[in-house]
1. Picking from B:Cys49, B:Cys103, B:Cys41, which is most flexible by a Gaussian network model of chain B using Cα springs under 10 Å?
2. With 5 Å bins from zero, work out the P(r) of chain B over every alpha carbon pair and list the percent per bin.
3. Roll a 1.4 Å probe over the protein chains and send me the accessible area per residue for chain A in Å².
4. Within 10 Å of each Cβ in B:15-22, how many Cβ atoms from other chains are there, averaged over the peptide?
5. For the protein assembly as shown, build the convex hull from the C-alpha positions and give me its volume per residue in Å³.
6. Using a simple charge model, +1 on the beta-carbon of Lys and Arg, -1 on the beta-carbon of Asp and Glu, nothing else, what dipole does region A:90-204 show about its Cα centre, in debye to the nearest 20?
7. Hey, what's region B:34-155 come to in accessible area per residue, 1.4 Å probe, Å²?
8. Rounded to the nearest percent, how much of the accessible area of region A:210-317 (1.4 Å probe, protein heavy atoms only) is carbon and sulfur?
Amino acid sequence: MVIYIKFGCNAIRRIPEMNEWTYSDFYLERGGNLHPFDYAKPTSLAEARTLLAQTAADGVVLAGGSDVLRRIEEEVIRPQVLIDIKGLPELRGISFSVHGGLSLGATTTISALAAHNDVRRHYSLLVKASHQLGSLRIRNRATVGGNICVALPQTDLPPALLCYDATCHLLGPEGERTVPLSECYKGTRQTALEPGELLVRVTLPAPAAYSYGAYHTVRQGGQTTVVGAAVLARRASGPSTEWRIALAAAAPYPLRAYEAETHLASAEPGAAMVEKAAELAMRAAQPADDIRASARYRRSMVGVLVRRGIEEVIEQLSGRGR
Amino acid sequence: MKHQITCKINDEVTRMEVESHRTLLDALREDLGLVGAKHACVSGECGSCNILFDGEVVSACMILAVEADGAEIITVEGLAESERLHALQKAFLDHNALQCGFCSSGMLVSSYALLQSVSRPNEQEIRAALEGNLCRCTGYADIIKAVQVASRARR
Ligand SMILES: Cc1cc2nc3c(=O)[nH]c(=O)nc-3n(C[C@H](O)[C@H](O)[C@H](O)COP(=O)(O)OP(=O)(O)OC[C@H]3O[C@@H](n4cnc5c(N)ncnc54)[C@H](O)[C@@H]3O)c2cc1C
């Protein structure tokens, strides 16, 4: 058995027979090449469907590539063929209407999302989350669909999308279907997508008359979110407020904290209400122990970040005559 | 599998034959001799292989060469006009914004992209544009200063 400790595409490798640790650069060992694979770029959904059906388990969908190519570099996956979905018109673009809401093509980049005027105006929590995602050059490539389909706990966009009750539109061999984003996750790196299915777009219901959201995270500049909380309040014309709370890196996948939300909607406003909601969110969390933080730390930070988020939102609401 | 691709690199139409699994970084460096973009972390983390791809900063190590078909690419080699250095390059030299120089091409490309969209960036905007570009020798103060000086010089 050979033990690898990976750092990006480099690793320290332990060869037990020799009882020795050696530095290893997979990339150089391969003579500077990735493992060979084929590449296809369908230009219509029909063509994409045929390709996906033909390649089955050996094919991997390529969107922005910021996850896929990295996993190929690191030899975590060895696909036979990459199917580039950036040539599919149906997966592109952002559209918005006041009554119909927002539709995001799966291949919309994070940068394009954050720069879109209607998104900035009506769904500003998405913009806040986008600004936390990677660095500019990652945001310029990484896509909305990719950020969902990687199904990693620490992804930054899904908590905000969950707060806006996003729905995923999937297309597969059996046709089209829709699944609420909250039901799209089955585990870390596991989604509800069937083999051969594509995420075509994500839709968000029409914006509320007024909404305000906060996204607080623990992270060191440019690094992955260690733990995060998105909090959103929505008001129709009346005084009642609807709350949404969703967590990043606090469970095997992005998670809504339903009990905390319900508490905020029904309890008497005040410090005790905020404390209780933060506590309920902590209870909903099932964080992992890993190299970035312990589960205990993550859980207690969920409490802190949710409280901060709620307080920020309440301050905004009170500025509007709460 | 081999692919014929055509793209514009530093204003020159370029035709290449590339394997599916070749990264754009390798194609630029090894097939075209454009070694300004550096081969470093190969995982999108460090910023030393930055190029402009259809006007946006990206990591060349995280893109396949075949994806560049039809794209417009600018590498650090494309900043100077023949012998005349770009204002940014001159400012980097004048203000000692480099030591070993390994991160400089990435820094220059990111700064160049910034100046394309914001003509007189403030410090915060410069910091935001350079976020994720790692320098392991000088620290960032002189780099930020150089970008400010260059933006003034250019007008
Ligand atoms: C340096 C660096 C920093 C990063 N920082 C962050 C960060 O701060 N926050 C964060 O959330 N992420 C971060 N990431 C991770 C990654 O960039 C994001 O998760 C990104 O959104 C993935 O999108 P993509 O388009 O690049 O996906 P790809 O790599 O193209 O695909 C990701 C996965 O989703 C599948 N897929 C993609 N689109 C579809 C679709 N439409 N239908 C079906 N399957 C699909 C692919 O097959 C693949 O399995 C970082 C990555 C790097 C390299």
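The values are calculated or read from the model by the stated rules, or taken from the named source; none is laboratory data. Computed from a predicted model, the values in this text were never measured in an experiment. All Cβ positions, even for glycine, are placed from backbone atoms using ideal geometry, and neighbour counts span all protein chains on display. Protein only, heavy atoms only, side chains kept; ligands, DNA and RNA dropped before computing areas. Shrake-Rupley method; radii C 1.70, N 1.55, O 1.52, S 1.80 Å.
1. It is B:Cys41.
2. Each 5 Å bin holds this share of Cα pairs: 2, 10, 20, 23, 19, 13, 8, 4, 1, 0.
3. Heavy-atom accessible area per residue stands at 45 Å².
4. So the per-residue partner count for this stretch is 4.
5. 169
6. It works out to roughly 540 debye.
7. About 45 Å² of surface per residue is accessible.
8. Answer for region A:210-317 is 49 percent, counting heavy atoms of protein chains only.
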